[in-house]
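Worksheet: one structure, shown below.
The values are calculated or read from the model by the stated rules, or taken from the named source; none is laboratory data. The shown structure was predicted, so the numbers you read here are calculated from the model rather than taken from an experiment. Glycine also receives a Cβ, built like all others from the backbone with ideal geometry; neighbour counts cover every protein chain displayed. The area values use the complete protein model at the heavy-atom level, side chains included, leaving out ligands, DNA and RNA. Shrake-Rupley method; radii C 1.70, N 1.55, O 1.52, S 1.80 Å.
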Amino acid sequence: MSVQLSNAGVAVSTESMKGSDSLPGPMSRANMPLCIFRRVLRAIFRLVFRVRVRGLEKVPRSPVIVCANHLGWTDPFLVMLFLPIEPRIYVLGEKQVRRISRFRAFMIDTLQVMVALDRDKPLQALRTMEDVLQKGGSLLIFPEGRLGEEEGQLGELQEGAAHVSQKAGVPLLPVGLTGTSKLWLRRRLTVRIGDPIAPEDFTGDLRTRLHSMTGELDASIRSLLPGDREHSRLRLLERWLTKLF
C-alpha cells in the first residue's frame with residue numbers, strides 16, 4: 001500500500017498549521033477514487049442504517065487528530081464518510097490489518113486511507129504520524145487501543161494521541177460513536193463531535209501535559225457517549241451486518 005509518505009511537496013511547519021484555515025500540504029487532498037467511494041458508500045450507509053451527525057461545525061479546516069471510541073467495523077467508515085472530506089483523514093492501523101481479506105487489501109490500496117504502523121517501532125510510528133500531519137493530512141486514532149466492551153462506555157485511554165498532538169502542534173478532535181457495536185437493518189448510528197482540544201492550552205513538563213490532555217480527552221469523549229438505547233424487536237440481518245467487515 002499505501003500512503004506515500006515521501007510524496008513531493010512542501011512540508012508545512014508546525015507553526016504554520018496552528019490556527020490555519022487553509023488545507024496545506026500534498027496529503028490534504030482527496031483523490032478521485034476516494035471521492036467516488038465516499039459518495040457511493042455514504043448513500044449505502046444511509047440506506048442500510050439511520051445515520052445522525054451532531055457538531056459538524058466544530059471540525060476545523062486545518063489538520064486534526066480525530067479521537068473516537070471504538071465499538072465495531074463501521075467506526076472508521078463513519079468518521080471518513082461523514083466528517084468533511086478535506087483535510088483528508090488517514091486511519092492508523094497495524095500492518096497485518098491489510099492481510100485480513102483481499103477485499104480489505106483492495107480498498108486500502110485503492111483509496112490510500114491507511115497509515116500502516118509497526119508496534120515494535122514506536123519512534124518510527126511517531127515520526128510517520130507527524131509527517132502525515134505536517135503534510136496537511138488528518139489522523140484518526142482510537143485511543144483506547146482496543147475494541148470497547150459495552151455501548152456507552154469508554155475504556156482507559158492511552159497517551160499516544162496527546163503525545164502526537166504535543167509534538168506536531170495539532171489539536172485533538174473528540175468524537176463519540178454510538179450504535180456501532182451490534183448492527184442490524186436501519187440501526188441508528190450516531191456521530192457526536194466535541195470541541196477541539198488545543199495542545200498549547202496545557203502547561204508544565206511533557207508528562208504533565210500528556211496526562212492533563214488525555215484526561216480532558218477522556219472527559220470530552222465520555223460526554224459524547226450518552227449510551228443511546230434502541231429497543232428494536234425486529235433486528236434484521238444482525239449477525240451478518242455485525243460481522244460483515
Given pairs LYS58/LYS121; LYS121/LYS167; LYS58/LYS135 and cut-off 25 Å on Cα-Cα distance, the over-length ones are LYS58/LYS121
Just to be sure I understand: if I project the alpha-carbon convex hull of region 182-245 onto a plane and average over all orientations, what area do I get in nm²? 6.2 nm²
Positive end of the dipole of the chain, charges at C-beta (+1 Lys, Arg; -1 Asp, Glu), about the Cα centre: which of ALA162, VAL132, VAL40 has its Cα farthest in that direction? VAL40
In the calculated pair distance distribution of region 56-185, what percentage of Cα-Cα distances lie above 26 Å? 18 percent
How about region 38-77: which trypsin sites (Lys or Arg not before Pro) there lie in a loop by DSSP and see at most 16 other Cβ atoms within 10 Å? ARG61
Would you mind calculating the gained length between ARG61 and ILE44 on full extension (0.36 nm times residue separation, minus the Cα-Cα distance), in nm to one decimal? 3.5 nm
Among GLY145, PRO122, ALA105, which residue has its Cα furthest toward the positive end of the charge dipole of region 62-203, with +1 on Lys/Arg Cβ and -1 on Asp/Glu Cβ? ALA105
Accessible surface, the chain, averaged per residue in Å² (probe 1.4 Å): 51 Å²
Rounded to whole Å and sorted largest first, what semi-axes of the equivalent ellipsoid does the C-alpha gyration tensor of region 130-223 yield via the square root of 5 times each eigenvalue? 26, 15, 11
For region 39-129, give the percent of accessible area contributed by carbon and sulfur heavy atoms, probe 1.4 Å, rounded to a whole number. 56 percent
Once amide H atoms are built 1.01 Å from N in the peptide plane, which residues 5 or more positions from VAL51, or in another chain, come under 5 Å H to H? LEU189
Charges at C-beta only: +1 for Lys and Arg, -1 for Asp and Glu. How large is the resulting dipole of region 116-245 about its Cα centre, in Debye rounded to 20? 780 debye
Take the Cβ-Cβ distance between ARG229 and ASP201 as r, set R0 to 45 Å, and report the resulting FRET efficiency rounded to the nearest 0.05. 0.85
Apply the Karplus parameterisation 6.51 cos²θ - 1.76 cosθ + 1.60, with θ equal to phi minus 60°, to every residue of region 134-151 and state each ³J(HN,Hα) to the nearest whole Hz, in sequence, with x for glycine and proline. 6, 8, x, x, 9, 10, 10, 10, 9, x, 5, x, 6, 5, x, 9, 8, 4
At 20 °C in a medium of viscosity 1.002 mPa s, the chain has a Stokes-Einstein diffusion coefficient, with Rh taken as the Kirkwood radius over alpha carbon pairs, in µm² per second, of 116 µm²/s
Whats the longest run of the chain with zero GluC sites (Glu not before Pro) that are DSSP loop and have at most 12 other Cβ atoms within 10 Å? 1-148
